Amino acid sequence: MEARDCSSIFRHCLSVKKEGDSYFPVRFSRELLKFYEGLDEGKAVRAHSCAGITMEFMTDAEEISFEYRSIAFCRPMVVFDFFENDVLMGTVREPDNSEKGKVTYIRQIKGRGKVTVYLPYCVHMTFQNLELGQWEVCGQQEKKILFLGDSITQGMTVIHPSQSFANLTARLLGMDWINQGVGGYIFHKDSLTDVEKIQADLIFVAYGTNDYFQVSEGNMTLETFFQNMTGYLSTLKEKAGKTEIAVISPLWREDCVSIEDKKLFDQISQWILESCHKLGLKCMDGRTLVGHEGELLADGLHPNDMGANMMALNMGANLRKWGL
């Protein structure tokens, strides 16, 4: 008997490529993938990664399994989170930089139920030989969030892929999502190719961290940053139409200690917030979303699992104030 096509179980992606017995879920259109591939190898791997993508299905199988092959890494961790009926019930961590393997999960809840598998967010990966029992596709949420941003949005430093601030915020709101975060990137309007295709009901934007770094290192002028940022936000507003946009200015960072660095960081943050107000966009001051404690950050900059949870909760509080 021919195996069932499992493409439909991959969620929170723009499409699923199937080649032979392999599935490759993708977060971007072919056009936008080519754009990131043309920047550098690092951006290409990040764009091809499975950030925010899940397998989701109903099954009564007591055990499920699948095989994977890793093509490239932007972080070494290969971690899968398993949810049953929307509750985190188990995690499988494969060896770092694992090129291939088989993941087996024994269900904790008996009988038919919903299983969600969060995929590694920093690995370009394909999947084969899915053994899921008599599975059915789950229903989808009516509304969708599009997350745009850099490595913090992609979730590159949380241990559990289900714990990025994007995944947490979408679950908190009960909405579908697509995570188009790409580590290392900046405000640039050429990265907005997919906005109209996705037709989201809410868009989050979180850039500025790498822009600050580029300016502080002398690789970008403040004037160029301002032009890129305002051009990006204006273009996004035009492409988004009536869709609500919420912009997050850069999070507090532990390495910003000198008077000169703090002044530059505050200037960039303020320009982002002021530009949002002028354009009529919602905005959140990133300096207020995660506590100014090193234990909340994986490396002094990126939120760890606990920091991401704090960020999502504070974002949810802002959204409630806005009535969203």
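Pairs of alpha carbons in region 88-164 separated by more than 14 Å make up 73% of all such pairs. For region 179-224, the convex hull spanned by the alpha carbon atoms encloses 86 Å³ per residue.
The Cα trace of the chain gives Rg and Dmax of 19.6, 69 Å, the first to one decimal, the second as a whole number. A simple count of charges around MET156, restricted to other residues whose Cβ falls under 13 Å of its Cβ and scoring Lys, Arg +1 and Asp, Glu -1, yields 0. Computed over protein heavy atoms with a 1.4 Å probe, the accessible surface of the chain works out to 44 Å² per residue. Taking other residues whose beta carbon is less than 13 angstrom from the beta carbon of ARG69, and scoring Lys, Arg as +1 and Asp, Glu as -1, yields -3. In whole angstrom, region 163-304 maps to an equivalent ellipsoid with semi-axes of 24, 20, 13, each derived as √(5λ) from the alpha carbon gyration tensor and ordered largest first. Given a 1.4 Å probe and the protein chains as shown, GLU63 ends up with an accessible area of around 100 Å². Heavy-atom surface analysis with a 1.4 Å probe gives region 1-135 a carbon and sulfur content of 48 percent of its accessible area.
Estimated from helices alone, the mean residue ellipticity of the chain at 222 nm is -9000 deg cm²/dmol (sum of -39500 (n - 2.57) over DSSP H runs with n ≥ 4, per residue). Share of carbon and sulfur in the accessible area of region 152-195 stands at 53%, probe radius 1.4 Å. With kT/(6 pi eta Rh) evaluated at 10 °C and eta = 1.306 mPa s, and Rh the Kirkwood radius from Cα pairs, region 54-190 diffuses with a coefficient of 100 µm²/s according to Stokes-Einstein. With a cut-off of 9 Å between beta carbons, the residues surrounding ILE53 carry a summed charge of +2, where Lys and Arg count +1 and Asp and Glu -1. Amide H contacts of ALA72 (H built 1.01 Å from N, in plane; Pro and chain starts excluded): HIS124 sit under 5 Å, all sequence-distant by 5 or more or on other chains. Using C-alpha pairs under 8 Å with a sequence gap of at least 6, the mean separation divided by the residue count of region 214-284 gives a relative contact order of 39 percent. Take region 1-110, drop everything but the C-alpha atoms, weight them equally and run the Debye formula without solvent; then report log10 I(q)/I(0) at 0.17 Å⁻¹ to two decimals. Those come out to -0.97, one per q. Annotation: aspartates and glutamates with alpha-carbon distance below 12 angstrom to LYS18 (same-chain offsets under eight excluded): ASP5.
Database remark: amide H of GLY208 closer than 5 angstrom to the amide H of PHE187 (H placed geometrically; neighbours at sequence offset of 5 or more, or on other chains; Pro and chain starts carry no H).
The values are calculated or read from the model by the stated rules, or taken from the named source; none is laboratory data. The structure displayed is predicted, hence computed values, not measured ones. For neighbour counting, all protein chains shown are included, and Cβ atoms are generated from backbone atoms with ideal geometry for every residue, glycine included. Keep in mind that these areas ignore ligands, DNA and RNA; they rest on the heavy atoms of the full protein, side chains included. Shrake-Rupley method; radii C 1.70, N 1.55, O 1.52, S 1.80 Å.
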